[in-house]
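A.B. asks: What follows is a structure written as structure tokens; I'll ask about it next.
Read-outs: derived from the displayed coordinates by stated rules, not from any lab. It should be emphasised that the depicted structure is a prediction, and the values quoted were computed from it without experimental measurement. Cβ placement follows ideal geometry from the backbone for every residue including glycine, while neighbour counts extend to all protein chains displayed.
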Amino acid sequence: MRLIFLAPLIVVLASPLVAQVEPQWQVHDTLRPRPRVVSVAALPSDAIVLFDGKDLSAWRSAPGGAAPWRVRDGFVEVVPRSGDIETARSFGDVQMHIEWATPAEVTAAGQDRGNSGVFMMGLYELQILDSYQNRTYADGQAAAIYGQHPPLVNVSRPPGEWQTYDIVFRRPRFDPTGALTSPARMTVFHNGVLVQNDVELHGATAHMRRAVYTAHADRLPIRLQDHDNRTRFRNIWVREIE
């Protein structure tokens, strides 16, 4: 009797689900539009290069004016207490690649060790920190979505070594009244290892309090944080997600 009841249940549940997935196309439909071609060499052919090791022309000071950080030897280094920098261009949903290194000389501990951050849309922070044998709170270590989600694992390299973040960010959506209709989401690979798996963000980054959402534009600059540490960055690019 159990089989008699289960079979119809499967049909009833499966049919609506199938209908919701691209109902205008048949399976293996040859008329279905094919993905556009993107070639990959050093970086994807449709990448927007934000820093190529030469200058900060794609950046500006977050308070206003020219970006004040120091460019040399193919990287840009935070100038402590000069303020955050942000992209001159605004973005929404993106894939982002960024390489970073904390100072080789360790002179502090916890949150004072190589602290910086990547703020998607200037609001949602992926933490940068020297988390190699450095104890701090879990939701504030390297690869944490600050104050919200600790990384799945700690794959931090020793201080001074170059590290990578590959980020997929989906912006939050708001209705015309400013009410949230879908939260921001983020997937992150740290040094090639999955550390944030399509997690839902609780709101804009906040310190020592719960994150909340406030309606904002669909596109905003990406920001890098000056947290009084000489953290370095190189090879920064994004791809806009259609």
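A.B. asks: Pick the calculated volume of the Cα convex hull per residue in Å³ for this structure from (1) 135; (2) 152; (3) 197?
C.D. replies: The value computed from this structure is option (3).
A.B. asks: Taking the Cα centre of the chain as origin, sum charge times position over the Cβ atoms of Lys and Arg (+1) and Asp and Glu (-1), and report the length of that vector in debye to the nearest 20. Before the final figure, lay out the partial values.
C.D. replies: Numbers: 25 positive and 26 negative charges, 36 e Å.
In total the dipole reaches around 180 debye.
A.B. asks: Taking Cα pairs under 8 Å and at least six residues apart, what relative contact order does the chain come out at, in percent? Mind showing how you got there, number by number?
C.D. replies: Values: 525 pairs, mean separation 63.8, N = 242.
This gives 26 percent for the chain.
A.B. asks: Measure nothing but the geometry: give the 0 to 90° angle between the long axis through the Cα atoms of 2-20 and the longest principal axis through the Cα atoms of the chain, rounded to 10°.
C.D. replies: 60 degrees
A.B. asks: Here is a follow-up. In what sequence, highest mean first, do 112-122, 152-162 appear when ranked by Cβ atoms within 10 angstrom?
C.D. replies: Details: 112-122: 21.8, 152-162: 15.6.
Per-residue Cβ counts within 10 Å, averaged per peptide and sorted highest first, yield 112-122, 152-162.
A.B. asks: Taking a ≥ b ≥ c as the square roots of the Cα gyration tensor eigenvalues, with a/c under 1.5 meaning rounded and otherwise prolate when a/b beats b/c, else oblate, which class fits the range 59-175?
C.D. replies: Values: a/c = 1.78, a/b = 1.14, b/c = 1.57.
Oblate, since a/c reaches 1.5 and b/c is not below a/b.
A.B. asks: Which residue fluctuates most in the GNM of the chain (Cα springs below 10 Å): Asp175, Asp226, Asp55?
C.D. replies: Fluctuation is largest for Asp175.
A.B. asks: Could I ask something else about it? According to a simple spin-label model (label point 7 Å from Cα along Cα-to-Cβ), what is the distance in nm between Asp218 and Leu152?
C.D. replies: 3.1 nm
A.B. asks: Here's a follow-up. Specify the inter-centroid distance of the range 204-242 and the range 45-71, based on alpha-carbon positions, in whole Å.
C.D. replies: Cα centroid of the range 204-242 versus Cα centroid of the range 45-71: 14 Å apart.
A.B. asks: Taking 0.36 nm per residue of separation and subtracting the Cα-Cα distance, what length does fully extending Asp52 through Arg36 add?
C.D. replies: Values: separation 16, 0.36 × 16 = 5.76 nm, distance 2.53 nm.
Contour length minus the Cα-Cα distance gives 3.2 nm.
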